[in-house]
Amino acid sequence: MDPLTAFAAIKSAISAGKQLHSMTKDIAGFFDAVDGAKSNHAKKKSSMFASSNEEAMDTFMKRQQAIDCEAELRELITQTRGFSQYQELLNLRKEIRLERKEQARLDLIKTEEKKEMLMSIAGILIIIGALLGGSIAYLLYLDLISF
């Protein structure tokens, strides 16, 4: 989602008198769009393939628009709801960011555990197969079994 579109939705909701806690989805979408615009600009800047001035300028402008929208949202909330509501919003954003970071960490741990389990199972199956194959070969060598 574009930060400007998300900001417009929040602005109209605040103007209509909606409470911040009832707009968490809209606000989260806005901050996701802002963070996406900022990170896209950072990725394009550090990419060795991003030699196009137009592409660099586009990401720069989107980043600046996101920053401007963020500042305008701060002003809008402090003027209509007060500074304490803006602080509540920042705290909510921080909590969401920390929860997502923790969830990503837990997902990574879970993925690593699954990989380790699969590797262990594969190793055990290989050992069992080698032992079984070796046993059959030995029994064939002693002529105790025949095919």
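Values computed for the structure shown
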{"item": "Search result, residues across the range 88-147 that are acidic (Asp, Glu), farther than 18 Å from residue 35 by Cβ and assigned to a helix (DSSP H, G or I)", "result": "88, 107, 112, 113, 116"}
{"item": "Residue selected from the range 1-60 under the condition farther than 28 Å from residue 81 by Cβ and not in a helix (DSSP H, G or I), by the criterion modelled with the highest pLDDT", "result": "52"}
{"item": "Leading residue by the ranking (nearest to the chain's Cα centre (by Cα)) among those in the range 63-87 that are under 23 Å from residue 38 (Cβ atoms) and among the β-branched types (Val, Ile, Thr)", "result": "67"}
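The values are calculated or read from the model by the stated rules, or taken from the named source; none is laboratory data. Being a predicted model, the structure only gives us computed values, none of them experimental. Here Cβ is always computed from backbone atoms with ideal geometry, including for glycine, and neighbour counts include all displayed protein chains.
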